[in-house]
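The structure under discussion appears below in the form of structure tokens.
The values are calculated or read from the model by the stated rules, or taken from the named source; none is laboratory data. All figures in this text were calculated on a predicted structure; none of them were measured in a lab. Every residue, glycine as well, gets a Cβ built from its backbone with ideal geometry; the counts of neighbours run over all protein chains shown. With ligands, DNA and RNA removed, areas are computed over all heavy atoms of the protein, side chains included. Shrake-Rupley method; radii C 1.70, N 1.55, O 1.52, S 1.80 Å.
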Amino acid sequence: MEELLSCVSLSKEYNEAENSVTVLNKLNFAINRAEQVAIVGSSGSGKSTLLHLLGALDKPSEGEVLFEGKNIFEFSQRQQAQFRNQSLGFVYQFHHLLPEFNALENVAMPLMIGKVSIKDSNQRAMAMLEKVGLENRALHKPAELSGGERQRVAIARALVTEPKLILADEPTGNLDQKTGESIYQLLNDLRIHMQTSFVVVTHDIKLASRLDRSFNLVEGTLTTSDMSGF
Ligand code: ADP
Ligand code: MG
């Protein structure tokens, strides 16, 4: 299996006044192409910090993150922006859609930022809205959609560039169980059809147990968690 991303001895400390907190401590991790990995851990254990580092949204205190063998912290600002726009998709607990734009415009945004023409951006955004079952909501603004619909729009936006890796921070955390289940089904369909890798931070043990591998983030490092009881 081909390795897509790995962390080598990744550490993150926050230093504020005289307080220093070690959140990640020499963490090692790797994910292959088309693999789905869950990360579970208690609140404050560093899950969001880890996802931010994997997406080059923050810098580690020490260690490396390699994407296709290249250290993402050695990229220039421009290369990092390109990496985030073209190779990654982010899904957050709260959808982070732009309220003044409709669903279609929100989904087309990463393509437009990537300098795809307006016509192609709209076409691809519409095709992605169809995949998540929201083609007839394309012209609705986020405030006119349900929580589950907004999260599906956010997933469509993350996937529209056909990224190699999706980083999802509690994507079903804010949804009822039934909607959470439909989001999981959607992620799985997309993985099968698009060979997308996922790192999913979740409190949902049932969701974690259905992914390829599951880890616990405890005391700054990842340990394999046994999900066989679920
Ligand atoms: P999780 O997502 O697992 O709930 P976080 O990664 O958000 O945890 O936070 C991990 C720890 O790091 C927490 O103790 C939090 O208070 C601390 N932390 C997060 N961001 C910062 C920051 N910018 N400055 C200082 N401490 C932070
Ligand atoms: Mg978090």
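Residue-wise test of (1) within 13 Å of ligand 2 (Cβ to nearest atom); (2) farther than 30 Å from residue 140 by Cβ; (3) in contact with a helix residue (DSSP H, G or I) (Cβ under 9 Å, 6 or more places away or on another chain).
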{"position": "45", "(1), (2), (3)": "yes, yes, no"}
{"position": "51", "(1), (2), (3)": "yes, no, no"}
{"position": "61", "(1), (2), (3)": "no, yes, no"}
{"position": "66", "(1), (2), (3)": "no, yes, yes"}
{"position": "76", "(1), (2), (3)": "no, yes, no"}
{"position": "87", "(1), (2), (3)": "no, no, no"}
{"position": "92", "(1), (2), (3)": "yes, no, yes"}
{"position": "97", "(1), (2), (3)": "no, no, yes"}
{"position": "107", "(1), (2), (3)": "no, no, yes"}
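Any residue at all in region 69-77 that's over 21 Å from residue 166 (Cα atoms) and within 16 Å of ligand 1 (Cβ to nearest atom)?
Looking through region 69-77, none of the residues is over 21 Å from residue 166 (Cα atoms) and within 16 Å of ligand 1 (Cβ to nearest atom).
Of everything in region 157-180, what is within 12 Å of residue 107 (Cβ to Cβ), modelled with pLDDT of 90 or more and not hydroxyl-bearing (Ser, Thr, Tyr)? Give them in sequence order.
Result: 157, 158, 160.
Residues 202, 179, 196: which one is away from ligand 1 (no atom under 16 Å from the Cβ), in contact with a Pro (Cβ under 8 Å, 6 or more places away or on another chain), of a type in the set (Val, Ile, Thr) and open to solvent by less than 40 Å² (accessible area, probe 1.4 Å)?
196
On the basis of being in contact with a helix residue (DSSP H, G or I) (Cβ under 7 Å, 6 or more places away or on another chain) and either surrounded by fewer than 18 Cβ atoms within 10 Å (Cβ to Cβ) or of a type in the set (Ser, Thr, Tyr) (or both), does residue 221 make the cut?
Answer is no for this residue.
Which ones in region 128-174 are open to solvent by 30 Å² or more (accessible area, probe 1.4 Å), more than 16 Å from ligand 2 (Cβ to nearest atom) and in a loop (DSSP other than H, G, I, E, B)?
133, 139, 140, 141, 146, 162, 164 - these are the residues of region 128-174 that are open to solvent by 30 Å² or more (accessible area, probe 1.4 Å), more than 16 Å from ligand 2 (Cβ to nearest atom) and in a loop (DSSP other than H, G, I, E, B).
Taking the options 56, 17, name whichever one is exposed (fewer than 15 other Cβ atoms within 10 Å of the Cβ), on the phi > 0 side of the Ramachandran plot and either within 16 Å of ligand 2 (Cβ to nearest atom) or without any contact (Cβ under 8 Å) to a residue 40 or more places away in the chain (or both).
17
Of a type in the set (D, E, K, R), within 16 Å of ligand 1 (Cβ to nearest atom) and in contact with a helix residue (DSSP H, G or I) (Cβ under 8 Å, 6 or more places away or on another chain) - does that describe any residue in region 155-169?
Yes, region 155-169 has at least one match.
Among the listed residues 87, 9, 45, 61, identify the single one that is open to solvent by less than 80 Å² (accessible area, probe 1.4 Å) and under 22 Å from residue 154 (Cα atoms).
It is 87.
Could you please find all residues in region 99-121 being over 18 Å from the mean Cα position of the chain (by Cα) and either within 19 Å of residue 148 (Cβ to Cβ) or of a type outside the set (D, E, K, R) (or both)?
Listed by number, the residues that qualify are 99, 101, 102, 103, 104, 112, 113, 114, 116, 117, 118, 121.
Out of all the residues in region 20-42, which are open to solvent by less than 20 Å² (accessible area, probe 1.4 Å) and either aromatic (Phe, Trp, Tyr) or free of Cβ contacts under 8 Å to residues at least 60 places away in the same chain (or both)?
The one that is open to solvent by less than 20 Å² (accessible area, probe 1.4 Å) and either aromatic (Phe, Trp, Tyr) or free of Cβ contacts under 8 Å to residues at least 60 places away in the same chain (or both): 29.
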